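Take a look at the structure set out below.
The values are calculated or read from the model by the stated rules, or taken from the named source; none is laboratory data. Bear in mind that the values here come from a model prediction, so they are computed numbers and not experimental data. Here the Cβ is made from the backbone with ideal geometry for all residues, glycine too, and neighbour counts use every protein chain on show. Keep in mind that these areas ignore ligands, DNA and RNA; they rest on the heavy atoms of the full protein, side chains included. Shrake-Rupley method; radii C 1.70, N 1.55, O 1.52, S 1.80 Å.
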Amino acid sequence: MLQLAAVFSDHMVLQREKNIVVFGIGEVGAIITVSIPERKLYASTTVKEDGSWRLQFPPQPAGTGLSLFAKDSHTEIHFQDVAIGEVWLAGGQSNMELTAGRVTDKFAEEIARDENPMIRYVKIPLGNDLHGPKDDLPGTDWMSLTEETAPSFSALAYFFAKEMYRETQVPVGI
C-alpha cells in the first residue's frame with residue numbers, strides 16, 4: 001500500500017539548498033524508509049493513524065544522476081534520473097496554457113531542435129474541487145526537455161526555464 005505523492009516520479013527535480021521533504025501514504029504503523037543513496041541520505045518514519053507519512057533530508061547542493069528509493073516491509077519504489085536544482089512554480093490561466101507547440105510560428109527552429117536533460121517539466125492536471133485542499137494530484141509525471149516533449153511545455157515556462165538554466169547552470173524544474 002506504500003505510495004508517494006504523485007509529484008514524485010522519474011526525472012523529478014528536488015529543490016536545492018532547502019530541506020527535501022518526501023511524503024505519501026501507507027499502512028498505519030508501517031515503517032517507511034526513504035533513501036537517496038548517491039548522497040548517502042537515509043531516513044525512516046512511521047505511518048500515522050490517518051495513513052500519511054512525511055520525512056525530510058537536509059539541504060543538498062545541485063546535482064544529477066540520483067535515485068530515490070522508498071520502501072516498507074512489502075513494497076519498494078524506485079525513481080531514476082532524479083536531479084536537485086532550482087524548482088519554480090509557473091502559475092496562471094491562459095498564459096500558462098499556451099504551449100511551446102503553439103508558438104512555433106516564431107520559434108519553430110529553436111523548439112524543434114531543443115534538448116536539455118537539465119530542464120524538466122511537470123504539468124499539474126486541470127480541474128478544481130471546492131471541497132478543500134488535496135493531499136495529492138494524480139497524473140503528474142516529470143519529463144525532460146527533448147525535441148519530442150518541448151511542444152507540450154507551457155511556452156512561458158519553457159523560455160523561463162531555458163533562461164534560468166543559462167544563468168545558473170544547475171537543473172531546473174518547472
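Points worth noting:
- When the chain is treated as a GNM with alpha-carbon contacts under 10 Å, the residue of Y121, Y158, Y42 showing the greatest mean-square fluctuation is Y42.
- Helix-only CD estimate at 222 nm, as mean residue ellipticity for the chain, using -39500 (n - 2.57) per DSSP H run (n ≥ 4): -4500 deg cm²/dmol
- Count of lysine pairs in the chain with Cα separation under 18 Å (8 or more residues apart, or interchain): 7
- Which labelled figure in (i) 69, 32, 26; (ii) 58, 38, 35; (iii) 56, 40, 24 is Cα extents along the principal axes in Å, once derived from the coordinates: (iii)
- Sulfur and carbon atoms: percent of accessible area, the chain [1.4 Å]: 53
- A 1.4 Å probe run over the chain, with the rest of the protein chains in place, finds 57 Å² accessible per residue.
- Degrees, to the nearest 10: 155-168 long Cα axis against longest axis of the chain: 80
- Over the chain, relative contact order from alpha-carbon pairs under 8 Å, at least 6 apart, %: 27
- The order of K48, K106 by accessible area, most exposed first and with a 1.4 Å probe, is K106, K48.
- V28-S94 FRET efficiency (beta carbon distance; Förster radius 45 Å; 0.05 resolution): 0.55
- Spin-label pair E110-I77: with each label point 7 Å from Cα along the Cα-Cβ axis, the two points sit 3.6 nm from one another.
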